[in-house]
Amino acid sequence: MLTGTEVKSLRLGKAQITESYASPEKGELWLINAHIPEYLQANRFNHEEKRPRKLLVSRKQLAHLDQEVSRAGNTIVPLKLFFNDRGRAKVLIGPGKGKKNYDKRETERNRDWNHDKSRIMKEGGRG
């Protein structure tokens with residue numbers, strides 16, 4: 001659940017959920033490591049930027065997500081942070097699987113090739 005200053009800060013569009021994940025603990029779902037910057041006009045009533053935030057889900061959804069996490073290598077990842085038609089802040093979450101080492105090497109290889117390719121194109125093909 002969010003505080004008022006967190007909602008106001010979200011409306012400014014500066015939140016980051018890139019390094020965050022959700023964790024089921026003691027029958028509740030918590031969003032961990034999501035960065036919502038401080039709301040500048042709130043002075044002393046501000047919130048912590050990276051505090052754990054409780055997500056409201058039904059028992060059925062929580063049981064399903066908990067089952068997904070119990071499988072090896074799976075985690076719950078926030079995919080999208082948005083406001084619905086009624087103006088409530090929502091987080092779209094889903095199960096995700098971590099990359100293997102060979103996948104990471106391939107990603108790094110592609111990133112390096114794209115960097116070299118853009119450098120070559122910038123130089124006009126002269127090498």
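FYI, it's all coordinate maths here, none of it is from the lab. Here the structure is a predicted model, which means the values were calculated and not measured. Counting neighbours? That spans all protein chains shown, and the Cβs are built from the backbone with ideal geometry, glycine included.
Odds and ends about this structure:
- Shown here: the chain, whose C-alpha atoms stretch 57, 43, 28 Å along the first, second and third principal axes, sorted largest to smallest.
- With helices as the sole contributors, the chain gives -10500 deg cm²/dmol at 222 nm; each DSSP H run of n ≥ 4 counts as -39500 (n - 2.57), and the sum is divided by every residue.
- Stretching THR107 away from ASN46 to a fully extended chain increases their span by 18.0 nm, per 0.36 nm per residue minus the current alpha-carbon distance.
- In the elastic network of the chain, a GNM with C-alpha springs shorter than 10 Å, the most mobile of LEU12, LEU55, LEU81 is LEU12.
- Spin-label pair PHE82-GLN67: with each label point 7 Å from Cα along the Cα-Cβ axis, the two points sit 2.7 nm from one another.
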